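The structure appears right after this line, and notes come after that.
Where a number appears in this text, it was derived from the coordinates with a stated rule and is not lab data. Just so you know, these numbers come straight off a predicted model, no measurement behind them. A quick note on method: Cβ atoms are made from the backbone with ideal geometry, for glycine too, and the neighbour counts reach across all protein chains shown.
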Amino acid sequence: MFSSKNEEFMIKALIQKNKEDLEEELTFIFDDGSKYSGVINSFYETDNGLEMDEEGYLEYYACAVSIKTIHVNNSQSIQFIKKGTIQELGGNNIPRAILSSDGTTLWSNN
């Protein structure tokens, strides 16, 4: 039930990282330059809020991230992100890259 191969690879990389270290702070970088760090909170199945019979209905896996630090916020779509809040990754909200705490690339949208 992944909405795309990109989402599948991202979620699988996050699940693997979470198995290795539950408390590791990861950095998420988006296409518009927005960048924040946080810790994985949970994984779950969800949808885009439309009814199943509506055009554009989409189910997907998501990852909830507890925000620890906002480095850059250039996006109108993430204007409500604040330290301590939960941000959903998946569906239409896929970062360009995810970095581990040592700065190595965990996953990239390239």
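List of remarks:
- Relative contact order (percent, whole number), region 5-100, Cα cutoff 8 Å, 6+ residue spacing: 32
- Ranked ILE70, ILE98, ILE86, criterion: other C-beta atoms within 10 Å, fewest first: ILE86, ILE70, ILE98
- Of the trypsin sites (Lys or Arg not before Pro) found in region 1-82, those that fall in a DSSP loop while having at most 12 other beta-carbon atoms within 10 Å are LYS82.
- For the chain, the longest principal axis of the Cα atoms and the long axis of helix 5-20 meet at an angle of about 50 degrees.
- Comparing TYR57, TYR44, TYR36 in a Gaussian network model of the chain where C-alpha atoms under 10 Å apart are linked, the largest mean-square fluctuation is found at TYR57.
- For the chain, adding -39500 (n - 2.57) for each run of n ≥ 4 DSSP H residues and dividing by the number of residues yields -5000 deg cm²/dmol at 222 nm.
- Residues in region 80-110 reached by a label modelled at GLU23 [backbone nitrogen below 11 Å; 7 Å Cα→Cβ]: none
- Among SER4, SER100, sorting on how many other beta-carbon atoms sit within 10 Å of each Cβ, with the fewest leading, yields SER4, SER100.
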